[in-house]
Every structure is written in structure tokens, then in C-alpha cells.
Amino acid sequence: MGAPRRAGHTQASDTRKHWHDELLETQLRCEGDDPDYKLSKATIMGRKMLAVAEKEAAEALAKRKPAPTSAREVLPTGPSEYQLRNHVFLTLQHGDSPLGRLVFKLYDEYAPQACHNFRSICEQKNDFGLTYEGTKLHKLEKGQAIYGGDMDNGDGTGGRSIFGKPFVDEVNPLKHDDAGVLSMVHTRADSNTSLFLISLAAAPELDEKNVVFGRIIAGAEFLPLLDSVAIHDQGHHPTLRPVEDITILSCGLYSLINKGEDAGNDELDPEDMDELQRTEAVYHKAKKAKLDRKEARDSVKSALAMGLQKKKSKKKIKTIKTVSSSVDSSVIAGAAPE
């Protein structure tokens, strides 16, 4: 009994669909002056054009958004090579005056694509010949961050990646919790290129927008100098660009720097690596001391709060005992024979 009803229902649905399709075709063929037909034709054509536009937009987005790269594909091979390749440097110049060298440690374990992209551009070892050498730090937000990495337009509107297209955000627990944090810059999600920023102070407002992939370990004394340079901050649309250009004179792997020689030499300088390790040890010691002081302050606050709570509890217990004693006295007095 159920099967014939289903078959009849299907046949009725097919009939309605057939008549509906014929009606649409009739409306599309109609060239008369009836306003109802004109409205129907415009509605149908608009819907078709919208569907085509949405399909093209989805296809373009799928082509533009690359699949995440496996960490194994971009991490340096071997622990010794990793140790030598996870430090990069940028040598800066302000106007005609040398400013100093910034050395960064890259966190490949947290953001392998961003680190591989930044390191390859610093080394100029990529298929597109991209390099930060000769580019400008184009924007300075006082007390927050300085921006760079636009080798196309020099104003933050350009930027390219070594992958040939923008790459995805790599969510990780690293935060903009201090000066010298290195992170990616993009205009929207999953659109990372060569643009980067260096924080000049703790900037938690950047945590949700930018992916952190490194931190300064040498040259932090130059960050206040960067923060103090004059910028174009007047007018209705200030560019925040430094009045005198801040240029990246050279960049590359810190392990390839030799005293009195070019950074392109492949021989390692043990003294430079020892100096870097000492500098990094000093940085981590200072960081630990800062955390220890914070923990000590928190412990004191917790102890004070606990002591205050105990004092309140003792006072409350004493009050309860007093009230209880008064009630007991009243009860005894009321129960005593006259």
C-alpha cells in the first residue's frame, strides 16, 4: 500500500518540476510588454547571474588559499642544522647612519611555514629571488610595532611569499608579550606573504591578528632607537612612515657571519656562535628573573588575600559563637522555673 503512494508522489513531483521548468523557459522567451513577464525575466536572470558569480568566487578562493604545508617539509633536517639555521639577522640603517644588527630566533616548531618563508627570503634562497636586503621599514606605530617586508611597493600594500601565493595562518600559543616579537602581517586571514612586524612593547591587541614566529635575542638595545625616529603622523591620513628611511642593509643566517668577511661565506665562525649563545643565555636569564619576580608578587598577594580571608573567617566564627551564646542564655532563662 505504501509503495504506490510513494510512486504517485514522485510522479506528481516530477510533473510539477516539468511544468515549473516550462514556465521558466516561457518567461525567458517572452519579449512582450507585459510588466509581470519583464519582472519575472529580470528575477530569473538575476538569480542565474548571482549563482554564476558565487561559483566563480568560490573557485577563485579555492585557488588562492593553499593547503597547509606539513611541518616535515619545511623544517631543517637534523638537530645540528636546525640549531644553526634558526637564527637570522637584519642589519638596519637610519638615513645615512648605521643603526645596528637585530638577531632573531625563529620558532619552527610553532610556525614552520612562516619561519621557512622568512629565513629563505633573508638568505635569498628561493625560486623567486626574493630578499629583504635594500627594502624599507615602511610604517612605525609608536610604542607598538614597526612594519616591513614590502619589496614590491614599499608601503605595505605589496608583498610576496616563496610559495608563489599567500599561505595560511599557523595558530600557536605564542603572544606579543614583550618588545622584539617577530610576527607576520596580513590584510585578512590566511593571506601571509613577506610582510612582517617587530613589536616595540607588549601588544596583546595584535595576538588575534598576527601569527608570532620569532623573537629578538640580540640587538634589543636598538628597539628604543627605532621607536624614537620621526614619522609622518600629521594630516587627515598620516602614513606613519619614517621621515628618514630605515633600510635593511643586509640579512641572512647569523651562523654564516664571519668577522671581516661577507655574510655569504659558508664557513661558520665558532666565536660568533658562542657569542650568540651567551647573548641568548643572558636573555633567557633576564626573562626568568622577570617571571620569578612576577611569581613572587603573586605569591605575596595570594598570601595577603588568604590571611585576610582567615581573619574574616575568625571574626565571623566569633560573631556566630557570641550570637549562639546569647540565644542559649535566653533559652535557659526562659526555661527556668519561676
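Going by what's in this entry, would GLY78 be described as under 30 Å from ASP233 (Cβ atoms), assigned by TED's automatic domain parsing to the domain that holds HIS237 and modelled with pLDDT under 95?
In short, no.
Any residue at all in the stretch 210-232 that's out of contact with any strand residue (DSSP E or B) (no Cβ under 7 Å at 6 or more places or on another chain) and at pLDDT below 90?
No, there is no match, as no residue in the stretch 210-232 is out of contact with any strand residue (DSSP E or B) (no Cβ under 7 Å at 6 or more places or on another chain) and at pLDDT below 90.
Taking TYR132 and the conditions (1) in contact (Cβ under 8 Å) with a residue 12 or more places away in the chain; (2) more than 20 Å from ALA220 (Cβ to Cβ); (3) of a type in the set (Ser, Thr, Tyr), which numbered condition does it fall short on, given that it satisfies the others?
All conditions are met except number (2).
Within the stretch 162-173, how many residues are within 9 Å of the chain's Cα centre (by Cα) and surrounded by fewer than 15 Cβ atoms within 10 Å (Cβ to Cβ)?
Count: 2.
Could you check ASN192 against (1) buried (at least 17 other Cβ atoms within 10 Å of the Cβ); (2) out of contact with any Pro (no Cβ under 7 Å at 6 or more places or on another chain) and say which number it fails?
The failed condition is (2).
Given the criterion assigned by TED's automatic domain parsing to the domain that holds ALA179, modelled with pLDDT under 90 and either out of contact with any His (no Cβ under 9 Å at 6 or more places or on another chain) or of a type in the set (A, V, I, L, M, F, W, C) (or both), identify the matching residue among ARG47, ARG119, ARG85.
After applying the criteria, what remains is ARG85.
Answer yes or no as to whether GLN144 is in contact with an Asp or Glu (Cβ under 9 Å, 6 or more places away or on another chain) and under 26 Å from ALA202 (Cβ atoms).
Yes, satisfied.
Table: residues versus (1) within 22 Å of the chain's Cα centre (by Cα); (2) farther than 20 Å from CYS115 by Cα.
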site	(1), (2)
LYS175	yes, no
ARG188	yes, no
ASP245	no, yes
TYR254	no, no
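Among the residues of the stretch 92-128, what is the count of those that are touching a residue at least 12 places away in the same chain (Cβ under 8 Å) and in a strand (DSSP E or B)?
The qualifying residues number 12.
The values are calculated or read from the model by the stated rules, or taken from the named source; none is laboratory data. All values derive from a computational prediction rather than experimental measurement. Glycine gets a Cβ as well: all are built from the backbone with ideal geometry, and neighbour counts include every protein chain shown.
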